[in-house]
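Throughout, read-outs are computed from the coordinates displayed, never taken from laboratory work. For clarity, every value in this text was computed on a predicted model and none was experimentally measured. Here the Cβ positions follow ideal geometry from the backbone for every residue, glycine too, while neighbour counts run over all protein chains shown.
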Amino acid sequence: MALSEKTNLKLEDISISEEYEKLVPPLPAKEYNQLKSSIRTNGLYLPIIINEKGTILDGHHRHRICNELQIQGKYKVKKFESKLLEKKFVILVNLDRRQLNDFQRAELAIPLLEIETELAKERKEKGTLAPFGAKGKATEKVSKHTGVSTRTLERVKKIIEKAPEELKEKARRGEKSINKTYQEIIKQEKKQKRQDSLKQIQVNLPESVQLFNKPFQELGIKNNSISLIFTDPPYTENCLYLYDDLAKQAARVLRDGGSLLCYSPHYALDRIITMMKKYGLKYQWPMAIIHSGPKASQHGPRVFVGYKPMLWFVKGKYEGEYMQDTVTSEFQGKELHKWAQSTVESDYYIEKLTIENEIVYDPFLGQGTFGISAVKKKRQFIGAEINSEHFQTAQKLLSISGDTKNE
């Protein structure tokens with residue numbers, strides 16, 4: 001590589017490579033304006049580096065400012081033995097000169113890794129020795145030079161390949177961490193994979209299952225026919241009235257001694273208990289479903305939530321067996337439904353509170369998690385869901401559970 005100065009070049013003699021320009025992280029507006037003010041006052045301090053054809057290798061922002069101010073730039077020509085070495089220089093000069101976050105450094109490291117791999121391949125084909133300091137695996141060398149771990153490199157590579165541009169921009173600006181961006185992509189991939197597999201499944205519900213794509217209030221369920229209502233209503237303030245509707249229906253359809261178990265939001269436990277009692281249901285006991293996956297934080301009371309409340313109500317008198325009031329759930333992902341629950345607790349309580357062939361009812365079906373438990377435990381099941389997409393998912397998942405049960 002050689003460096004020589006050229007002072008007789010005009011702005012129109014200089015060209016910009018779109019490929020190289022994309023490698024230059026944009027300056028924040030404040031820094032750009034500071035640089036522009038400095039050039040206006042003191043002239044161009046650092047020369048703009050170009051190749052023999054006049055293509056800018058380093059100094060894209062300075063060149064743009066010279067254009068805006070209509071002043072003569074200073075140029076130095078740098079010669080390279082190959083296009084790969086020229087591109088490598090463009091990347092390295094940006095890595096060395098700029099204050100970049102981890103995502104921006106990794107984004108520059110990825111093409112650098114491709115270059116190092118190609119250079120190593122060329123050396124092997126020519127039988128030449130690697131230059132001093134160039135030995136070792138390409139990934140390790142690039143990681144060491146850029147200060148970005150190999151794990152981060154792999155995650156950023158996936159983000160660049162899979163993430164929508166809006167998500168990538170948030171990572172570039174540091175508004176979203178690499179890990180959170182990566183996890184969002186993985187979650188979306190899992191969801192897509194499950195959706196694709198569900199498309200191949202024909203709906204063939206077990207005879208013991210009845211599903212309805214309508215509001216649960218409209219179901220004509222026979223009085224005193226349900227042994228257990230096991231459900232997870234919406235938690236938002238504007239949906240709390242649904243607990244009142246649920247209590248009214250439960251008082252009618254539960255058999256004597258039958259139970260209602262419903263997940264409930266922490267902030268409204270007292271109100272929900274009052275609603276249930278209003279219709280004659282007996283408040284039996286609070287259950288705690290212990291989280292095993294990610295824990296949410298509640299900013300108002302300033303707590304990390306480690307469990308989910310489940311309230312137990314009984315119609316009449318409960319005369320069944322003793323039960324645990326805590327169950328440790330298993331995080332099973334929420335790819336198809338953001339409110340999806342684990343089957344661990346539904347398996348346990350359905351088995352404890354019902355016997356084979358009794359009816360379990362879920363008026364907030366979602367993707368059918370509790371119905372899967374009911375089928376597994378050889379109970380009859382009724383489910384209602386107003387969201388058509390979730391209803392179709394539940395139909396297919398319960399069709400699979402029926403096939404599994406009969407194997």
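With a Cα cut-off of under 17 Å and a minimum spacing of 8 residues unless on different chains, the lysine pairs in the range 46-95 number 11.
Placing dummy labels 7 Å off each Cα toward the beta-carbon, the span from K378 to T55 is 7.3 nm. Peptides 346-355, 217-226, ordered by how many other C-beta atoms sit within 10 Å of their residues on average, highest first, read 346-355, 217-226. Modelled label positions at E175 and L269, each set 7 Å beyond Cα in the direction of Cβ, lie 3.8 nm from each other. For Q210, nonlocal amide neighbours, meaning residues 5 or more places apart or on other chains whose placed amide H falls under 5 Å from its own, are F381, I382, G383. Only one residue of P286, F364, S388 has its Cα farthest out toward the positive end of the dipole of the range 209-405, where Lys and Arg carry +1 and Asp and Glu -1 on Cβ, and that residue is P286.
Do you know the relative contact order of the range 209-405, to the nearest whole percent, from alpha carbon pairs under 8 angstrom that are 6+ apart? Could you put the intermediate results ahead of the total?
Numbers: 390 pairs, mean separation 49.2, N = 197.
Normalised by residue count, the contact order of the range 209-405 is 25 percent.
Per the Debye formula on identical point scatterers at the alpha carbon atoms of the range 170-291, with no solvent, log10 I(q)/I(0) at q = 0.19 Å⁻¹ is -1.08. Calculated translational diffusion coefficient of the range 247-317 (10 °C, 1.306 mPa s; Stokes-Einstein with Kirkwood radius over alpha-carbon pairs) equals 120 µm²/s. Computed over the range 179-230, the P(r) curve from all C-alpha pair distances, binned at 5 Å from the origin, holds 4, 12, 12, 15, 12, 12, 13, 10, 5, 2, 0 percent per bin. Each listed q (0.10, 0.24 Å⁻¹) maps to a log10 I(q)/I(0) for the range 101-200, found by the Debye formula over equal Cα scatterers with no solvent: -0.38, -1.15. For K315, a cut-off of 21 angstrom between C-alpha atoms picks up these lysines, skipping any fewer than 8 places away in its own chain: K222, K248, K277, K278, K282, K352. Here the alpha carbons of the chain define both size measures, Rg and Dmax, at 32.0, 98 Å. Projecting the Cα atoms of Y182, T117, N101 onto the dipole axis of the range 101-200, where Lys and Arg carry +1 and Asp and Glu carry -1 at the beta carbon, places Y182 farthest toward the positive end. Here K187 is the anchor, and the lysines within straight C-alpha reach of less than 25 Å, apart from those fewer than 8 places off in the same chain, are K157, K158, K162, K168, K170, K176, K199, K295, K308, K334, K338, K396. Electrostatic tally near K83: other residues with Cβ closer than 14 Å to its Cβ, Lys and Arg +1, Asp and Glu -1, net -2.
With 11 Å as the cut-off, how large is the P(r) tail for the range 238-278, expressed as percent of Cα-Cα pairs?
Value for the range 238-278 (Cα pairs over 11 Å): 66 percent.
Given a Förster distance of 30 Å, report the FRET efficiency between K124 and R98 from their Cβ-Cβ distance, rounded to the nearest 0.05. Display every interim value, and only then the final one.
On the way: r = 33 Å, r/R0 = 1.09.
Between K124 and R98 the formula returns 0.40.
Segment S15..L69, full-extension length gain: 17.7 nm, with 0.36 nm per residue of separation and the alpha-carbon distance subtracted. Note that the range 1-99 carries a Kirkwood radius of 13.9 Å, evaluated over its alpha carbons pair by pair.
When N is the residue count of the range 209-405, what does its C-alpha Rg come to as a fraction of 2.2 N^0.38 Å?
Working: Rg = 15.7 Å, N = 197, 2.2 N^0.38 = 16.4 Å.
In units of the globular-protein estimate, the range 209-405 measures up at 0.96.
Packing here is the average count of other Cβ atoms within 10 Å per residue, and on that basis the peptides 80-87, 356-363, 141-148, 176-183, highest first, run 356-363, 141-148, 176-183, 80-87.
Report the charge-dipole magnitude of the range 101-200 in Debye, nearest 20, computed about the Cα centre from +1 at each Lys and Arg Cβ and -1 at each Asp and Glu Cβ.
Numbers: 26 positive and 17 negative charges, 85 e Å.
Charge dipole, the range 101-200, about its Cα centre: 420 debye, nearest 20.
Over the chain, what is the relative contact order in whole percent, taking alpha-carbon pairs under 8 Å and six or more residues apart?
Working: 610 pairs, mean separation 52.5, N = 407.
Relative contact order, the chain: 13 percent.
Net charge dipole, the chain: roughly 1200 debye, given to the nearest 20, about the Cα centre with Cβ charges of +1 for Lys and Arg and -1 for Asp and Glu. Estimated at 0.36 nm per residue, the fully extended path between T326 and K222 surpasses their Cα-Cα distance by 34.3 nm.
The share of Cα pairs per 5 Å bin across the range 344-407, counted from zero up to the longest distance, runs 4, 20, 30, 26, 15, 5, 1 percent.
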